[in-house]
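Chemist: A single structure is presented below for examination.
The values are calculated or read from the model by the stated rules, or taken from the named source; none is laboratory data. Note that the structure is predicted; figures quoted are calculated from it, not measured. Don't worry about glycine lacking a Cβ; one is built from the backbone with ideal geometry, like all the others, and counts go over all protein chains shown.
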Amino acid sequence: MKIRSKLPHVGMTIFSRMTNLANENRAINLSQGFPDFDVDPLLIDLVGKYMHQGFNQYAPMPGVQPLREKIAEKQQKMYGANYDADREVTITSGATEALFAAITTVVNKDDEVIIFDPAYDSYGPAVELCGGKPVHVRLAHPGYSIDWDRVKQSISSKTRLIILNSPHNPTGAVLKPEDTAELSKIVEAHDLYILSDEVYEHIIFDGKKHESISGRPDLAARSFVVSSLGKTYHATGWKVGYCLAPENLTEELRKIHQYLTFSTNTPVQMAYAEFLDHEDRYLDLGAFYQKKRDLFASKLKDSRFRIVPCHGSYFQMLDYSDISDLPDMEFSKKLTIEHKVASIPPSVFYRDGDDARVLRFCFAKKDETLEAAALRLCGI
């Protein structure tokens, strides 16, 4: 029997492909976005503690109560946002599940969804699986800012949702207050929903402040705000994310969430709930990663790469146009095979495969890993 693919143009994700290539060539893997350093020992001990206390069965579908309460408290402290822990906070099996559930909640057949390119690669396929149509708006290179006039021109009577991501993957750009002000005017005029992917909310640099959509009541009232405990606490493999949304949106989102994963790892949820009391672990995260960004940049100062400004996330874009005319996909493969450093070619994050001759490198790595990678890159 021949299967009719629902995603005929989708193959293996670029993250898996580049990681496989890195492993085959014993390259330093700065492609896939995960740390190579250990999770905080206290957090690991807390997971063991709750396992031994018997928290090993299904968690409640929305998430364990202590964690939902701690997240609601944190959101209020950080952004002045008020979410009801019972009715407006949902724990998910990673942020990607939350993104999928949110898109599925509001997107129906023939609805249009605005996505900013380059975009995290799960957005478009989720929209298509709902029968919707992604409408791609290109961020302005090299600063990767949003052209709001272009956004207005892209809105039609079928537009249902705008997907935002700040700090931005893959570029490291961040939203500014004037961006959220423009967004507010647009969504009010056109009665749109917002999905705000804020998984790198605490990884922001140079004295800048994260512009959470939850911090503006007018926007929060029509928004899904998604974040990731895995990104914040260097535990991406534990796959724990969450979604904040008004009660009417959360009620519908949970109907979908319960048939995706139903619930998320119970002892890990309990451990996170207790660990969130250590506020310094997330308040100091920006400074922690800024040191890594600056270290990586300093070691590349004598290279032929040009550094693209990065104000958030743990990804550094490097311009290689002075080195090669190869397309980014081919150059990233060459870099992995011949120079033993793996990266991500950002053209895969564009609908039309736009290629600005830049590569994305993850600096969520040990200092010695970054130094070794930079040494190899400087040898080109």
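Chemist: Does Pro142 satisfy being assigned to a loop (DSSP other than H, G, I, E, B), in the same structural domain as Cys243 (by TED's automatic domain parsing) and touching a residue at least 60 places away in the same chain (Cβ under 8 Å)? Quick ask: steps written out before the conclusion?
Modeler: Working: assigned to a loop (DSSP other than H, G, I, E, B): yes; in the same structural domain as Cys243 (by TED's automatic domain parsing): yes; touching a residue at least 60 places away in the same chain (Cβ under 8 Å): yes.
Judged against the criteria, Pro142 is a match.
Chemist: Scanning the range 252-287 for residues that are assigned to a helix (DSSP H, G or I) and charged (D, E, K, R), which turns out farthest from Val64 (Cα to Cα)? Reasoning before the result, please.
Modeler: Quick first cut of the range 252-287, residues assigned to a helix (DSSP H, G or I) only: 252-260, 266-275, 280-283, 285-287.
Those still in the list that are charged (D, E, K, R) too: 252, 254-255, 274, 280-281.
Working: Glu252: 19, Arg254: 14, Lys255: 17, Glu274: 12, Asp280: 23, Arg281: 21 Å.
For the range 252-287, the residue satisfying everything is Asp280.
Chemist: Please determine whether any residue of the range 2-10 is touching a residue at least 60 places away in the same chain (Cβ under 8 Å) and among the hydroxyl-bearing types (Ser, Thr, Tyr).
Modeler: Checking the range 2-10: not a single residue is touching a residue at least 60 places away in the same chain (Cβ under 8 Å) and among the hydroxyl-bearing types (Ser, Thr, Tyr).
Chemist: Might you let me know whether the range 37-56 holds any residue that is modelled with pLDDT under 95, within 20 Å of the chain's Cα centre (by Cα) and either closer than 30 Å to Tyr289 by Cα or not charged (D, E, K, R) (or both)?
Modeler: Checking the range 37-56: at least one residue is modelled with pLDDT under 95, within 20 Å of the chain's Cα centre (by Cα) and either closer than 30 Å to Tyr289 by Cα or not charged (D, E, K, R) (or both).
Chemist: Looking at Ala235, Ala271, Ala287, which one is surrounded by fewer than 15 Cβ atoms within 10 Å (Cβ to Cβ), among the small types (Gly, Ala, Ser) and out of contact with any Cys (no Cβ under 6 Å at 6 or more places or on another chain)?
Modeler: Result: Ala287 is the single residue among Ala235, Ala271, Ala287 that is surrounded by fewer than 15 Cβ atoms within 10 Å (Cβ to Cβ), among the small types (Gly, Ala, Ser) and out of contact with any Cys (no Cβ under 6 Å at 6 or more places or on another chain).
Chemist: Answer with yes or no whether Val127 is more than 21 Å from Pro246 (Cβ to Cβ), buried (at least 16 other Cβ atoms within 10 Å of the Cβ) and not charged (D, E, K, R).
Modeler: Numbers: more than 21 Å from Pro246 (Cβ to Cβ): yes; buried (at least 16 other Cβ atoms within 10 Å of the Cβ): yes; not charged (D, E, K, R): yes.
Considered against the rule, which asks whether it is more than 21 Å from Pro246 (Cβ to Cβ), buried (at least 16 other Cβ atoms within 10 Å of the Cβ) and not charged (D, E, K, R), Val127 comes out as yes.
Chemist: Condition test on Tyr50, is it among the hydroxyl-bearing types (Ser, Thr, Tyr) and part of a helix (DSSP H, G or I)?
Modeler: Details: among the hydroxyl-bearing types (Ser, Thr, Tyr): yes; part of a helix (DSSP H, G or I): yes.
Considered against the rule, which asks whether it is among the hydroxyl-bearing types (Ser, Thr, Tyr) and part of a helix (DSSP H, G or I), Tyr50 comes out as yes.
Chemist: Then there is this: Taking the residues in the range 1-57 that are among the aromatic types (Phe, Trp, Tyr) and more than 24 Å from Ala119 (Cα to Cα) as candidates, determine which candidate is surrounded by the most Cβ atoms within 10 Å (Cβ to Cβ).
Modeler: First, pick out the residues of the range 1-57 that are among the aromatic types (Phe, Trp, Tyr): 15, 34, 37, 50, 55.
Filter once more, keeping what is more than 24 Å from Ala119 (Cα to Cα): 37, 50, 55.
Working: Phe37: 11, Tyr50: 20, Phe55: 18.
Step by step, filter the range 1-57, then rank; the result is Tyr50.
Chemist: Next up: Do the conditions hold for Gly80, that is, is it farther than 30 Å from Leu370 by Cα, out of contact with any His (no Cβ under 9 Å at 6 or more places or on another chain) and in the same structural domain as Lys239 (by TED's automatic domain parsing)?
Modeler: Details: farther than 30 Å from Leu370 by Cα: yes; out of contact with any His (no Cβ under 9 Å at 6 or more places or on another chain): yes; in the same structural domain as Lys239 (by TED's automatic domain parsing): yes.
Yes.
Chemist: Among the residues of the range 255-263, is there at least one that is within 20 Å of the chain's Cα centre (by Cα) and charged (D, E, K, R)?
Modeler: No - not one qualifying residue is present in the range 255-263.
Chemist: Test of understanding: among Gly63, Gly33, Gly48, which residue is touching a Cys at 6+ places or on another chain (Cβ under 8 Å) and either among the small types (Gly, Ala, Ser) or over 19 Å from Glu198 (Cβ atoms) (or both)?
Modeler: On the way: Gly63 fails: touching a Cys at 6+ places or on another chain (Cβ under 8 Å); Gly48 fails: touching a Cys at 6+ places or on another chain (Cβ under 8 Å).
None of the others qualify; the one that does is Gly33.
Chemist: Looking at the range 171-194, I want the residues that are in the same structural domain as Ile146 (by TED's automatic domain parsing) and exposed (fewer than 14 other Cβ atoms within 10 Å of the Cβ) and have a partner that is charged (D, E, K, R) and in a helix (DSSP H, G or I) with Cβ atoms under 8 Å, at least 6 apart or on another chain. Which pairs are those?
Modeler: Matching pairs, first to second residue: Glu188/Asp218.
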